[in-house]
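One structure below.
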Ligand SMILES: *Cc1c(COP(=O)(O)O)cnc(C)c1O
């Protein structure tokens, strides 16, 4: 039986990453102590009060029915309050916020709802691979929106005018996975202007809304004038609150776009479990935001630990201002980032992500995830340093 054209259109990079995952599993099964720093999968547990809120919600039979697509008011109003407190952005919880079943779902649904065959989905490159694969799975074409290799901000002028004319959706992501940078002062204004002029839905993937270090602050796209006319923002509970397995996020912003997102989504899934939404509301409780500081403190400690160990080993690194990722140039002497990642896995049993996995503009770099226990990170950094990569 054949693959559909859409399945077959998944990029070789996606498939290569699947092979890497398989290879790590085989190595682990054969007893090799692999340290996997290739994934963005939070290792910190979900805060206990969030788990308790879910346990209480589970015992209420009202949560056992199909959820409403508009979401539990407890969750949407907690999200509205959170946006106001964190970013000074006022949103109507009844029309401008709905739960997603995690951002992965929202990314795919948004593309399918707003982009047709023959259209183009612009995705910041380097960027999150799912922005590209969502286009493949929806039967439209992903086109790289290059990020400047020094600032990692979008270079709209580099786009081919034919792609601009065909664009229907544009993805940006700040704090940026994989580069760890924050949005530049003009980035969202330029993006909103571009979206308006070219009739494009601006989708801001805000997965790292809560993870910035050293006094840096993150920016919601809705702090920018005009964004409400053209944008939705994808908030995720996964990284900040360590809720990866729960599958909960929110699509935030333009009510008309949200209505159309829901119309499409209603045919695909039946919403997000109410008990999970109530757990999300507990996580967003304004009196319990100390958990974010704790999580950020852990990632900052890990960042400093890994950067120090790498530098001591002569590997040049720049500590990121945000995100639990270290993004570094591939050391000299390797023919590609994939060859480097393969070498590191084979030589010292550490799995890292080749920059290639994040698009063609990531090719000269690699990414280390800090979502692993300190002990593992310390050993991994020593192993990397032992390779004499300077
Ligand atoms: C981890 C990640 C996601 C996935 O978020 P979920 O809400 O768990 O689906 C989305 N976007 C980016 C950029 C990510 O790094």
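Read the figures in this text as sums done on the coordinates, not as results from a lab. Given the structure is predicted, the values throughout are model-derived calculations rather than measurements. Here the Cβ is made from the backbone with ideal geometry for all residues, glycine too, and neighbour counts use every protein chain on show.
Considering only 30, 353, 236, the Gaussian network model of the chain with Cα springs below 10 Å gives its largest mean-square fluctuation to 30.
Between rounded, prolate and oblate, where does the range 74-145 land on the alpha carbon gyration tensor, with a ≥ b ≥ c its root eigenvalues, rounded for a/c under 1.5, else prolate if a/b exceeds b/c? Kindly include the intermediate steps, with their values, before the conclusion.
Working: a/c = 2.78, a/b = 2.14, b/c = 1.30.
Since a/c reaches 1.5 and a/b is larger than b/c, the shape of the range 74-145 is classed as prolate.
Arranged from fewest to most other beta-carbon atoms within 10 Å of their beta carbon, 74, 375 become 375, 74. Spin-label model, residue 94/residue 266: points 7 Å from Cα along the beta carbon direction are separated by 1.8 nm.
Using only the Cα atoms of the range 14-131, build the gyration tensor, take square roots of its eigenvalues as a ≥ b ≥ c, and label the shape rounded, prolate or oblate: rounded if a/c is under 1.5, else prolate if a/b is larger than b/c, else oblate. Because a/c hits 1.5 or more and a/b fails to exceed b/c, the range 14-131 counts as oblate. A Gaussian network model of the chain, with springs between Cα atoms under 10 Å, assigns the largest mean-square fluctuation among 136, 308, 207 to 308.
Need the full-extension length gain, residue 157 to residue 60, defined as separation in residues times 0.36 nm minus the C-alpha distance. One decimal, nm. It would help to have the intermediate numbers written out before the result.
Values: separation 97, 0.36 × 97 = 34.92 nm, distance 5.42 nm.
This chain segment gains 29.5 nm when fully extended.
If you build a Gaussian network model of the chain, linking Cα atoms that sit under 10 Å apart, which residue out of 358, 340, 75 swings the most? Fluctuation is largest for 340.
Between residue 382 and residue 346, the modelled labels are 2.5 nm apart [label points 7 Å from Cα along Cα→Cβ].
Between residue 85 and residue 14, what is 0.36 nm times their sequence separation minus the Cα-Cα distance? Round to one decimal in nm.
Working: separation 71, 0.36 × 71 = 25.56 nm, distance 3.74 nm.
Once the chain is fully extended between residue 85 and residue 14, it gains 21.8 nm.
Modelled label positions at residue 197 and residue 285, each set 7 Å beyond Cα in the direction of Cβ, lie 4.8 nm from each other. The listed peptides 315-328, 240-253, 50-63, ordered by packing as a protection proxy, come out as 240-253, 315-328, 50-63 (highest mean of other Cβ atoms within 10 Å first). Once you have a ≥ b ≥ c as the square roots of the Cα gyration tensor eigenvalues for the range 183-328, tell me rounded if a/c is under 1.5, and otherwise prolate or oblate according to whether a/b is larger than b/c. Since a/c reaches 1.5 but b/c is at least a/b, the shape of the range 183-328 is classed as oblate. With helices as the sole contributors, the chain gives -12500 deg cm²/dmol at 222 nm; each DSSP H run of n ≥ 4 counts as -39500 (n - 2.57), and the sum is divided by every residue.
Efficiency by 1/(1 + (r/R0)^6): what FRET value for residue 165 and residue 185, r their Cβ-Cβ distance, R0 = 22 Å, to the nearest 0.05?
Working: r = 28 Å, r/R0 = 1.29.
Once the sixth-power term is evaluated, E becomes 0.20.
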